[in-house]
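Just so it is clear, none of the values below were taken in a lab; they were calculated from the coordinates. Note that this is a predicted model, so its numbers are computed, not measured. Here the Cβ is made from the backbone with ideal geometry for all residues, glycine too, and neighbour counts use every protein chain on show.
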Amino acid sequence: MNPSQNKPFVVGVDGSDQARQAVRWAVRAATLREAPVLLTHALGVPDYYAGVLPPTPKVLDAVWARGNALLEEAADFAKSLGAVDVRTHIRDESPNVVLLEASVGAHALVIGAPEHSRIADMLVLGPLAPQLAAHARCPLVVVHGQQDEAAEGPVVVGVDGSELSERAISVAFDEAATRGAPLTAVHAWPGWYAEAILAEPLPDWPPLERIEQEILTDRLADWSKKYPSVTVRREVVQQSPGAALIESSKHAQLVVVGSRGRGGFGGLLLGSTSQKLIYHAASPVMVVRPDETGE
């Protein structure tokens with residue numbers, strides 16, 4: 001058994017429908033790898049109070065009771081989906097602190113996607129997802145869509161030639177092999193960017209497309225040898241990477257992308273492509289960071 005199979009899938013639980021879909025996704029992924037599911041809830045009780053009256057013991061008891069009830073409900077739901085090894089974890093710090101700590105040693109950190117129609121989601125989960133994607137110590141999965149209908153379709157990976165893109169390719173092949181799914185590798189090359197570098201108009205697109213296809217094929221060749229069971233489809237499009245991957249997500253069961261591509265600032269910022277996918281993808285998105293553990 002691969003040692004990574006013993007790493008838990010950590011799920012952020014907050015009682016929302018989105019979190020419920022995240023639990024559903026994590027249970028399926030963990031079952032495929034015979035891994036535990038760790039359900040995590042952050043109470044968000046501040047460590048100190050600046051000019052604000054601290055909560056009374058009665059209020060704190062109620063907050064803890066609600067958090068434990070949410071975790072118990074989520075655990076029952078996970079078990080009803082067939083999860084065998086379900087664990088729970090509750091802390092009183094803020095969600096970003098609790099989830100970032102829980103990401104250490106995890107196979108993936110899984111959260112539900114924010115709903116744009118709810119102000120609370122945009123204020124809380126909205127900023128939280130990019131923070132986790134930029135700093136978590138494992139891949140972050142942001143779950144979009146109804147997971148009852150999300151088991152079909154290919155695994156899609158964004159390829160831009162960067163080092164993180166290569167790591168995303170590795171993760172995507174592993175996900176596709178584990179799921180018995182085909183892999184679609186998407187390389188998007190916006191024409192305006194190339195023209196700015198070359199300081200002249202692009203030649204006709206079809207010849208350039210063939211060249212990019214050959215480069216993409218060469219970049220995937222070794223991975224195809226390592227994962228011979230995975231059927232690979234290559235797509236080269238003259239489009240912005242974010243738009244191309246969002247379109248591909250409409251027919252995917254998972255999109256894998258690096259946390260930043262070419263032009264990233266050493267991990268200080270989350271790349272624009274991954275950030276767009278976090279908010280606008282139609283399928284679950286896995287954001288892969290550098291392998292800081294060396295594993």
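Based on the Cβ-Cβ distance of Glu72 and His251, what FRET efficiency does E = 1/(1 + (r/R0)^6) give at R0 = 35 Å, to the nearest 0.05? Write out the running numbers ahead of the final one.
Numbers: r = 36 Å, r/R0 = 1.04.
It comes out at approximately 0.45.
Stretch Val97-Val59 to full length: gain in nm at 0.36 nm per residue minus the Cα-Cα span?
11.5 nm
Hey, can you grab everything whose amide H is under 5 Å from the amide H of Leu38? Only 5+ residues off in sequence or another chain; H modelled, so Pro and N-termini drop out.
Residues meeting the amide H criterion: Phe9, Val10, Val11, Arg87.
Using packing as a proxy for protection, rank 133-143, 168-178, 219-229 so that the peptide with the highest average count of other Cβ atoms within 10 Å comes first.
Working: 133-143: 23.5, 168-178: 21.4, 219-229: 13.2.
For the peptides 133-143, 168-178, 219-229, the packing ranking is 133-143, 168-178, 219-229.
Within region 88-106, find all residues whose amide N lies under 17 Å from a label point positioned 7 Å from the Cα of Leu81 along Cα-to-beta-carbon.
88-89, by backbone N distance to the label point.
Distance check, please: which entries in Lys79/Lys226; Lys79/Lys250; Lys7/Lys58; Lys7/Lys225; Lys225/Lys250 exceed 31 angstrom between their Cα atoms?
As for pairs spanning more than 31 Å Cα to Cα, those are Lys79/Lys226; Lys7/Lys58.
Please give the length that would be gained between Asp222 and Asp17 if that part of the chain were fully extended, namely 0.36 nm times their separation in residues minus their C-alpha to C-alpha distance (nm, one decimal).
On the way: separation 205, 0.36 × 205 = 73.80 nm, distance 4.04 nm.
Extra length available between Asp222 and Asp17 comes to 69.8 nm.
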